[in-house]
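Chemist: Structure in structure tokens, see below.
The values are calculated or read from the model by the stated rules, or taken from the named source; none is laboratory data. Just so it is clear, the model here is predicted, and its values are computed rather than measured. When we count neighbours, we look across all protein chains shown, and the Cβ atoms used for this are built from the backbone with ideal geometry, even at glycine.
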Amino acid sequence: MSVLNIVLIEPQIPQNTGNIARTCAATGARLHLVGPLGFEITDAKLKRAGLDYWRLLDITTYESTPEFFSRNPRGEFYYFTTKARRTYTDIAYPDDAYLVFGRDDAGLPEELLRANPDRCVRLPMIAGARSLNLSNTVAVAAYETLRQWGFPALQNHGKLTKYDWDAVPL
């Protein structure tokens with residue numbers, strides 16, 4: 001079965017990380033937090049942003065970027081950056097893809113990007129826009145990957161609270 005891995009290298013803003021944790025929990029993605037972190041895992045802002053989804057979350061923490069790569073040596077890594085020459089839709093994401101994102105305030109180190117030019121992708125934006133919010137970028141990237149995979153194990157329909165969809169003509 002396909003497993004989506006979301007990797008945050010040195011995240012700084014607890015609210016963004018909390019939102020990303022909620023996205024990971026709701027999609028069944030694994031969250032990898034690579035330190036040093038700009039907050040404590042116990043931070044109230046982090047917990048509040050993730051709401052009650054923490055019980056659904058598959059999360060692993062690492063002290064450093066070298067530790068992350070040494071513990072995940074066979075990963076298929078894709079680096080999300082505003083500096084890439086390709087867009088995120090140019091990629092056919094393999095099973096067990098690792099979508100890698102950098103600091104909220106600075107992105108990924110350019111040394112990492114230069115070492116992996118064919119694995120760097122971006123979300124298109126208008127000229128002059130510096131970047132998108134990290135949690136929004138992660139959500140777009142995660143759902144594109146899951147869409148390509150046919151949304152495995154995700155519920156693709158919802159239920160009305162007071163009514164029945166079967167009574168509503170299409």
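Chemist: Taking the options Thr145, Thr137, Thr61, Thr89, name whichever one is within 25 Å of Gln15 (Cα to Cα), surrounded by fewer than 19 Cβ atoms within 10 Å (Cβ to Cβ) and in contact (Cβ under 8 Å) with a residue 24 or more places away in the chain.
Modeler: Thr61
Chemist: With modelled with pLDDT of 95 or more, among the hydrophobic types (A, V, I, L, M, F, W, C) and closer than 18 Å to Asn5 by Cβ as the only criterion, which of Leu146, Leu132 stands out?
Modeler: Going through Leu146, Leu132 in turn, just one is modelled with pLDDT of 95 or more, among the hydrophobic types (A, V, I, L, M, F, W, C) and closer than 18 Å to Asn5 by Cβ: Leu146.
Chemist: Which one is surrounded by the fewest Cβ atoms within 10 Å (Cβ to Cβ) among residues in region 21-56 that are at pLDDT below 95 and either closer than 19 Å to Phe77 by Cβ or basic (Lys, Arg) (or both)?
Modeler: Here the residue is Arg55.
Chemist: So which residues in region 71-86 are surrounded by 14 or more Cβ atoms within 10 Å (Cβ to Cβ) and either among the aliphatic types (A, V, I, L, M) or at pLDDT below 95 (or both)?
Modeler: Across region 71-86, the qualifying residues are Gly75, Ala84.
Chemist: All but one of (1) in a helix (DSSP H, G or I); (2) within 14 Å of the chain's Cα centre (by Cα) hold for Arg55, so report the exception by its number.
Modeler: The single condition Arg55 does not satisfy is (2).
Chemist: Let me ask something additional. Contact list please: Cβ distance under 6 Å, first residue in region 27-49 and assigned to a strand (DSSP E or B), second residue at pLDDT 80 or above and charged (D, E, K, R), pairs at least six apart or on different chains.
Modeler: Qualifying pairs under 6 Å: Arg30/Asp58.
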